[in-house]
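S.K.: Supplied in structure tokens, the structure appears directly below.
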Amino acid sequence: MNTTTITATTAASTTTTLSIGRASYFGSRSPYDWLFALLLVGGAAFVWQRYGAAMDGYERGILIAALPSLIALGWFWGPLRTLSLGVGAATLAAIGLYLRHTDGFGADLAAADQVFWLKYLLSSQSAILWMGVLVLMSTIAYWIGLLAGGETAQRVGSWLAWGAVFMALVGTFVRWFESHQIGPDIGHIPVSNLYEVFVLFIWLTTLIYLYYERHYATRALGGFVMLIVSAAVGFLTWYTLARGAHEIQPLVPALQSWWMKIHVPANFVGYGTFALAAMVALAYLVKTAPPRSLWIGLIGVPGGVMLVLAGFWAFGDVTPQVAQALVKTMRMLGGCLALFAFTILARGVIGARTPAPEVLDDVMYRAIALGFAFFTIATILGAFWAAEAWGGYWSWDPKETWALIVWLNYAAWLHMRLMKGLRGRVAAWWALIGLVVTTFAFLGVNMFLTGLHSYGEL
């Protein structure tokens, strides 16, 4: 017990002991905490007994490290316990349905179109489709609550966001299983192409936001944050329909690396938190900035950039690839302009119902600090991956160069905050511009430049 003990001795030699303080970390665990831990230990033991012989040293290390990590995360934030158990149960149910229908290699993936629960809920594509629907519904509910002042609508938005995370994780794990049923050496962790990492971005960003939502006891930021998640859903939908990106394909040799499997998730914690911080920054500016500044910064500047791009597209001597990239960029800018105009026009209502500027500033800082830590780790891991794949830790490839620019941008932001006390609207404008830089590093490089890095064709 983590207590302070006070002993008093009376004249009759009677000793009284008082314990002041709180229970120890383990002593304060609830029965549900221990049940959660027990189930994880049992699951890990089963996996080790069933598949241990097929694992290499890296895989065994991941399994061993994941066990205490998941237990600690579940104990740290209670909702993760229920989420983890629910995702595990749904994934096992999907796998069980698949294994009832086998072919010459393993599970017959045609069952995804024949078995009711797989077709409409638990196959990877069905689950990811539900993820997208729930994200959009959550965004709408959050905005209804924000504009109309209804706590019920925002609560529904939060539930729908949790549902989206649940379905995204089920879809991810089932897709992992499906990839191993296609053929030898096809199976891979589903963080390996642009389609898969967008699913990763969606659930990671949503989950991190939900943590901040509970931590700060406010749902008023859900509409802003879920907008960027909805934009990712829109891209994912287009990418699926236009490119058939949902089809599971064998990995190119450079992606068949263990470094990739830890580099990409760490990277996307950074991308997700930077995006979250930018949307909180937008809420901060709508709440505190003068209307003139908003119209100039959010409408005038992006509109000017859009006109310049339109000039290059119409009159510049550009390649077909660049022309297509310019069109896609202008479409994204058009969507941003519509969003910005709406938020400016509704700034009175939004400003009255969003948290205090101090809270918004703190959320922005915490998100960037978390993202920067993970992005730093991801950059180091990426260097090791590059050394394995191409024989050098750094080659000034466009993707590497822009990753460095992103890192330097947020390093400077944190330095100015911690050393110079950067706060307020300047910090918010900087965080919003940071999202532009990050988006170009993630998507723009693939659209406008060529190099060794690519998650997929755009």
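S.K.: Please sort by residue number the chymotrypsin sites (Phe, Trp or Tyr not before Pro) in region 42-87 whose DSSP state is loop and whose Cβ has at most 16 other Cβ atoms within 10 Å. Provide the component values of the computation, followed by the final result.
M.R.: On the way: sites: 46, 48, 51, 58, 75, 76, 77; in loops: 77.
Counting only loop positions with at most 16 other Cβ atoms within 10 Å, the chymotrypsin sites (Phe, Trp or Tyr not before Pro) in region 42-87 are 77.
S.K.: Suppose each label sits 7 Å from its Cα in the direction of the beta carbon; what would the residue 395-residue 46 distance come out to in nanometres?
M.R.: Calculated label separation equals 4.3 nm.
S.K.: Which order do the peptides 366-372, 110-116 come out in when sorted by mean C-beta neighbours inside 10 angstrom, highest first? Provide the component values of the computation, followed by the final result.
M.R.: Details: 366-372: 22.0, 110-116: 13.7.
In descending order of packing, they fall as 366-372, 110-116.
S.K.: For the chain, go through all pairs of different Cα atoms, get the mean of 1/r, take its inverse, and jot down that Kirkwood value in Å.
M.R.: Working: mean 1/r = 0.0411 Å⁻¹.
Averaging 1/r across every pair of different Cα atoms and inverting gives 24.3 Å.
S.K.: Going down the list 328/420; 287/420; 261/399, which pairs span over 28 Å between their C-alpha atoms?
M.R.: On the way: 328/420 38 Å; 287/420 24 Å; 261/399 18 Å.
From 328/420; 287/420; 261/399, over 28 Å: 328/420.
S.K.: Rounded, prolate or oblate, given the Cα gyration tensor of region 60-149, with a/c below 1.5 counting as rounded? Before the final figure, lay out the partial values.
M.R.: Details: a/c = 3.31, a/b = 1.22, b/c = 2.72.
In terms of gyration-tensor shape, oblate.
S.K.: For region 422-448, list residues with backbone N below 16 Å from a point placed 7 Å from the Cα of residue 249 toward its Cβ?
M.R.: What the label zone holds, given the 16 Å backbone N cut-off, is 446-447.
S.K.: Quick one: order 28, 138 by neighbouring beta-carbon count within 10 Å, fewest to most.
M.R.: Details: 28 12, 138 27.
In order of increasing Cβ crowding within 10 Å: 28, 138.
S.K.: A further question on this structure: Along the charge dipole of the chain, Cβ charges K/R +1 and D/E -1, which of 218, 238, 35 sits furthest on the positive end?
M.R.: 218
S.K.: Anything in the chain that counts as a DSSP H helix reaching 20 Å or more along its axis (C-alpha) with Kyte-Doolittle mean of at least 0.5? List them, would you?
M.R.: On the way: long enough: 31-51 (29 Å, 0.78); 57-76 (29 Å, 1.16); 79-99 (30 Å, 1.33); 124-148 (36 Å, 1.58); 151-180 (44 Å, 0.41); 194-215 (31 Å, 0.90); 222-243 (30 Å, 1.42); 258-288 (46 Å, 0.97); 301-315 (21 Å, 1.84); 320-345 (38 Å, 1.22); 357-390 (47 Å, 1.04); 398-420 (32 Å, 0.19); 424-439 (23 Å, 1.35).
Within the chain the helices that satisfy the rule are 31-51, 57-76, 79-99, 124-148, 194-215, 222-243, 258-288, 301-315, 320-345, 357-390, 424-439.
S.K.: Which order do the peptides 305-316, 166-177 take when ranked by the mean count of other beta-carbon atoms within 10 Å per residue, highest first?
M.R.: Details: 305-316: 12.7, 166-177: 23.2.
Ranking, from highest mean packing down: 166-177, 305-316.
S.K.: Also, I was wondering about something else. Assuming R0 = 45 Å, what is the FRET efficiency of residue 331 and residue 155, from their Cβ-Cβ distance, to the nearest 0.05?
M.R.: On the way: r = 34 Å, r/R0 = 0.75.
Rounded to the nearest 0.05, the efficiency is 0.85.
Quick note: the coordinates plus some simple rules give every number you see, no bench work behind them. These figures come from a predicted structure and were not determined experimentally. Counting neighbours? That spans all protein chains shown, and the Cβs are built from the backbone with ideal geometry, glycine included.
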